[in-house]
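First up is the structure itself, then whatever we jot down about it.
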Amino acid sequence: AGLAQCASQQPVEPDPFLEGHDSGTEEEQAAFMSELERFHREHSLEFKPPKFYGKGLNCLKLWRQVAHLGGHEQVTVCKLWRQVGETFRPPKTCTTVSWSFRIFYEKALLEYEKHKVRTGQLKISIPAVPQSGGTNREGVNPSSSARIRRDAAARAMQGWHAHRLLANDMYGDHILKDKDSIPLSSRDKNLKGFGVLKRKKASSPERAFKVSRTKVNKSQEDSMVIDVGEPADWVKINVRQTKECFEIYALVPGLLREEVHVQSDPAGRLVITGDPDQPDNPWGITAFKKVIVYKHLNT
C-alpha cells in the first residue's frame with residue numbers, strides 16, 4: 001500500500017510539446033504531427049492534417065498558442081481566435097480568420113487537449129488577457145483594412161439576420177429552424193449588434209420581428225433567389241429595393257474575392273457563382289450558383 005501511495009504521488013510530466021518557441025523547429029513540427037497521428041489512431045479518431053491556403057498548417061504553433069492563452073474554452077469565451085489566427089499571417093483577403101482557426105483547432109487538436117487535461121499533462125489556467133474593448137479581443141494590431149472588412153461583413157449580416165426572421169417561404173423556414181436553437185438572449189444581442197434594432201429599441205424578440213419584417217418585406221416580394229444545382233444555404237443573399245435600384249448583399253464565407261464571380265445574364269438576372277480553387281478544403285466549401293430574379297422584369 002505504501003508503494004502504491006508513493007507511486008500515485010509522483011508528479012505528472014507536462015506535455016513536452018508546450019516548451020519552446022511558438023513556431024518550433026521543423027523537427028519539432030514533424031514530431032508533433034507524428035504524435036497527433038498516433039493519438040488519433042490509438043483513440044480511433046479521424047485525423048486529417050489541416051491546410052491553410054493550400055499549405056500544411058503548423059499544428060505545433062496552433063497548439064502552443066491556444067494552450068498558452070488558456071485552452072480552447074478560454075480562447076472562445078474571450079474571442080481570441082482572431083488573435084491566434086493573425087500570428088499565422090493570413091492574406092488580407094481572408095475574412096474568416098477567427099472562424100477558420102477555431103475549426104482547425106476543433107478538428108485537429110481539441111480531443112488531444114481534452115486528453116492532456118485528463119492526464120494532468122496540461123494545466124488550464126486563465127491568463128492575464130485583456131477582456132474589455134473590442135480591439136484587444138478581436139486581434140493584435142488590427143489594420144484599417146481589417147476593420148473595413150468587418151464593417152462590410154456586419155452590413156451583409158444585418159440583411160441576413162433580417163432575412164432569418166421571415167418565414168414567408170421554404171428558404172426562410174429552413175433558416176428559422178436553425179435560429180430556434182440559439183438562446184433568446186444571444187439572438188437578441190446579435191440583432192442589436194448588427195443594427196436591426198437601431199431605429200427602435202426592443203425589449204423582446206417579438207418586437208424585433210416587427211421591425212425587421214416592416215423593413216425588408218417589400219424587397220423579398222419583388223425578388224427571388226434561386227439555387228442552380230446543389231443548394232448552398234451557407235451563402236447568404238439579401239435583396240433591398242431602393243427608389244433607383246435593387247441592392248444585393250451577399251455573404252460568402254470561406255472564399256477569396258477572385259473565387260466569386262458576379263454577372264448578369266441576357267434576361268437581366270444577376271448571377272452569383274463561386275468556385276473554390278481548393279475543392280478539398282477544410283471548410284467543406286463547394287461550388288455554387290445562385291440567380292437573383294427581379295419579378296417586375298418578368299411582368
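The values are calculated or read from the model by the stated rules, or taken from the named source; none is laboratory data. Because the structure is a prediction, the values reported are computed rather than measured. Neighbour counts are summed over all protein chains in view; Cβ atoms, including those assigned to glycine, are modelled from backbone coordinates with ideal geometry.
Observations
- When Phe39 is tested against (1) surrounded by fewer than 20 Cβ atoms within 10 Å (Cβ to Cβ); (2) modelled with pLDDT of 90 or more; (3) within 22 Å of Asp280 (Cα to Cα); (4) of a type in the set (Phe, Trp, Tyr), just one condition goes unmet, and that condition is (3).
- Enumeration of residues in the stretch 249-269 that are free of Cβ contacts under 8 Å to residues at least 24 places away in the same chain, surrounded by 15 or more Cβ atoms within 10 Å (Cβ to Cβ) and of a type in the set (A, V, I, L, M): Val252, Val260
- Number of residues in the stretch 267-284 that are at pLDDT 80 or above and in a loop (DSSP other than H, G, I, E, B): the value is 4.
- Positions within the stretch 234-248 being surrounded by fewer than 17 Cβ atoms within 10 Å (Cβ to Cβ) and in a loop (DSSP other than H, G, I, E, B), in sequence order: Trp234, Thr242, Lys243, Glu244, Cys245
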